[in-house]
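All remarks here apply to the structure that follows.
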Amino acid sequence: MNKSVVITGVSTGIGYQLCVDLLSKGYLVFGSVRKPEDGQRLSDKFGATFIPLYFDITDHAAIEKAALEVEKRLNGSTLTGLFNNAGLAVAGPLLHLSVNDLRYQFEVNVIGLIKVSQVFSGLLGTNNQRQGTPGRIVMISSINGKIAMPFIGAYCGSKFALEGLSQSLRTELNIYGIKLIVVGPGPIKTPIFDKTILKATEEFSDTPYEKAMNAFLNKFVLKTIKKAMTPEVLSERIIKIFESAAPKSNYIITKHHFFNYTLPNWLSVGWLNAFFIKTLGLKRKKKNH
């Protein structure tokens, strides 16, 4: 029986690399893109074992339509895996961020992702008419689903929400034998943050946070991206986890694991808060009397 996976958000970055690596391992890959030209480009590059699915993750009707297409192709077989990879980062100080931007962050990173999981769950094995062992869901979270930072509060909030939802969903899926694995990457060499935070630094330049946001961009984002893990290394690790006989529930994948994850997790929220206040110059301003 052929191995098959659905990966959301495959036009660039982690999703694209997962496509490359899973195709090389003999999987039939269904990859979601938003633009027809991206679907064509990937089809031309990858050939017949890659099938583009066209949907924006906020378009629930289009997700359902895509699932019907996958169902036809599978001919009664179970889908081996669903990689919930699509996501974006909204940046900016929360006091000044529009509610529309905040809502969009959650529509993509939380609501859309759960909708995809619901819609494809029948193919993964909640429908007991399908042939084959139950599939697996891989939720691509982030190290920021465990450790929050200023100026990416909307993104951190969406990933914290994903962690909680995944914990509940994992338990509920047990009656179907579907495993759910959360993978939290640290900094990755993808365009998700640098452009977003650069744009936000300009957008919120007329707020009291201008200097602090520039410091955040230079001291954290740009420096971190230079030393970040590549999508190739991350993809290899994710697939190894996905194919393992007894995967754990949660994984953090990052370079410099101790400094990027273990140490910040040991430290108190108060200490981390003081660190960001000092590093970014967010000390309380004294009033002029």
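The values are calculated or read from the model by the stated rules, or taken from the named source; none is laboratory data. From a predicted model like this one, the values you see are computed outputs, not experimental measurements. No Cβ is skipped: glycine too gets one built from the backbone with ideal geometry, and neighbour counts run over all protein chains shown.
Do we find that Lys159 is touching a helix residue (DSSP H, G or I) at 6+ places or on another chain (Cβ under 9 Å), of a type in the set (D, E, K, R), under 28 Å from Lys278 (Cα atoms) and touching a residue at least 40 places away in the same chain (Cβ under 8 Å) in this structure? Show your work before the answer.
On the way: touching a helix residue (DSSP H, G or I) at 6+ places or on another chain (Cβ under 9 Å): yes; of a type in the set (D, E, K, R): yes; under 28 Å from Lys278 (Cα atoms): yes; touching a residue at least 40 places away in the same chain (Cβ under 8 Å): yes.
Spelling it out, Lys159 is indeed touching a helix residue (DSSP H, G or I) at 6+ places or on another chain (Cβ under 9 Å), of a type in the set (D, E, K, R), under 28 Å from Lys278 (Cα atoms) and touching a residue at least 40 places away in the same chain (Cβ under 8 Å).
Just for helices (runs of 4 or more DSSP H) wholly inside the stretch 1-120: which have at least 1 residues that are touching a residue at least 60 places away in the same chain (Cβ under 8 Å)? So that I can check it myself, show each step before the final result.
Details: elements: 13-24, 36-46, 60-74, 99-106.
Of the helices (runs of 4 or more DSSP H) lying wholly inside the stretch 1-120, those with at least 1 residues that are touching a residue at least 60 places away in the same chain (Cβ under 8 Å) span 13-24, 60-74.
Need pairs with beta-carbon distance below 9 Å; first residue at pLDDT 95 or above and within the stretch 162-175, second in a helix (DSSP H, G or I) and among the hydrophobic types (A, V, I, L, M, F, W, C); sequence gap 6+ or separate chains.
Final answer for the pair search is Leu162/Val110; Leu162/Leu113; Leu162/Ile114; Leu165/Val110; Leu165/Leu113; Leu165/Ile114; Leu169/Ile114; Leu173/Leu124.
In the stretch 230-284, which residues are part of a loop (DSSP other than H, G, I, E, B), aliphatic (A, V, I, L, M) and either in contact with a helix residue (DSSP H, G or I) (Cβ under 6 Å, 6 or more places away or on another chain) or at pLDDT 95 or above (or both)?
Here is the first cut: in the stretch 230-284, the ones part of a loop (DSSP other than H, G, I, E, B) are 230, 244-249, 254-256, 267-268, 281-284.
After this cut, where a residue has to be aliphatic (A, V, I, L, M) as well, the list is 245-246, 267, 282.
Matches in the stretch 230-284: Ala245, Ala246, Leu282.
Of everything in the stretch 181-206, what is modelled with pLDDT under 90 and part of a loop (DSSP other than H, G, I, E, B)? Give them in sequence order.
Scanning the stretch 181-206 gives Pro187, Lys189, Thr190, Pro191, Ile192, Phe193.
Can you tell me which condition Phe151 does not meet? The list is (1) of a type outside the set (D, E, K, R); (2) outside any helix (DSSP H, G or I); (3) in contact with a strand residue (DSSP E or B) (Cβ under 7 Å, 6 or more places away or on another chain); (4) over 21 Å from Lys240 (Cβ atoms), and all the others hold.
(3)
Pick out the one residue from Val90, Val99, Val33, Val20 that is among the hydrophobic types (A, V, I, L, M, F, W, C), surrounded by fewer than 22 Cβ atoms within 10 Å (Cβ to Cβ) and within 18 Å of the chain's Cα centre (by Cα).
Values: Val90 fails: surrounded by fewer than 22 Cβ atoms within 10 Å (Cβ to Cβ); Val99 fails: within 18 Å of the chain's Cα centre (by Cα); Val33 fails: surrounded by fewer than 22 Cβ atoms within 10 Å (Cβ to Cβ).
Going through Val90, Val99, Val33, Val20 in turn, just one is among the hydrophobic types (A, V, I, L, M, F, W, C), surrounded by fewer than 22 Cβ atoms within 10 Å (Cβ to Cβ) and within 18 Å of the chain's Cα centre (by Cα): Val20.
Any chance you could count how many residues in the stretch 194-215 are acidic (Asp, Glu) and without any contact (Cβ under 8 Å) to a residue 24 or more places away in the chain? Quick ask: steps written out before the conclusion?
Going residue by residue through the stretch 194-215, those that are acidic (Asp, Glu) are 194, 202-203, 206, 210.
Retained after the next criterion (residues that are without any contact (Cβ under 8 Å) to a residue 24 or more places away in the chain): 202, 206, 210.
Of the residues in the stretch 194-215, 3 are acidic (Asp, Glu) and without any contact (Cβ under 8 Å) to a residue 24 or more places away in the chain.
Quick check: anything in the stretch 216-234 without any contact (Cβ under 8 Å) to a residue 60 or more places away in the chain, in contact with a Cys (Cβ under 8 Å, 6 or more places away or on another chain), closer than 20 Å to Ile277 by Cα and of a type outside the set (A, V, I, L, M)?
Checked the stretch 216-234: no residue is without any contact (Cβ under 8 Å) to a residue 60 or more places away in the chain, in contact with a Cys (Cβ under 8 Å, 6 or more places away or on another chain), closer than 20 Å to Ile277 by Cα and of a type outside the set (A, V, I, L, M).
Please indicate, with yes or no, whether at least one residue in the stretch 102-109 is closer than 17 Å to Gln131 by Cα, out of contact with any helix residue (DSSP H, G or I) (no Cβ under 8 Å at 6 or more places or on another chain) and at pLDDT 95 or above.
Within the stretch 102-109, the subset closer than 17 Å to Gln131 by Cα is none.
For the stretch 102-109, residues closer than 17 Å to Gln131 by Cα, out of contact with any helix residue (DSSP H, G or I) (no Cβ under 8 Å at 6 or more places or on another chain) and at pLDDT 95 or above: absent.
For the stretch 49-63, state whether one or more residues are touching an Asp or Glu at 6+ places or on another chain (Cβ under 8 Å), of a type in the set (Gly, Ala, Ser) and crowded, with 22+ Cβ neighbours inside 10 Å.
Checked the stretch 49-63: no residue is touching an Asp or Glu at 6+ places or on another chain (Cβ under 8 Å), of a type in the set (Gly, Ala, Ser) and crowded, with 22+ Cβ neighbours inside 10 Å.
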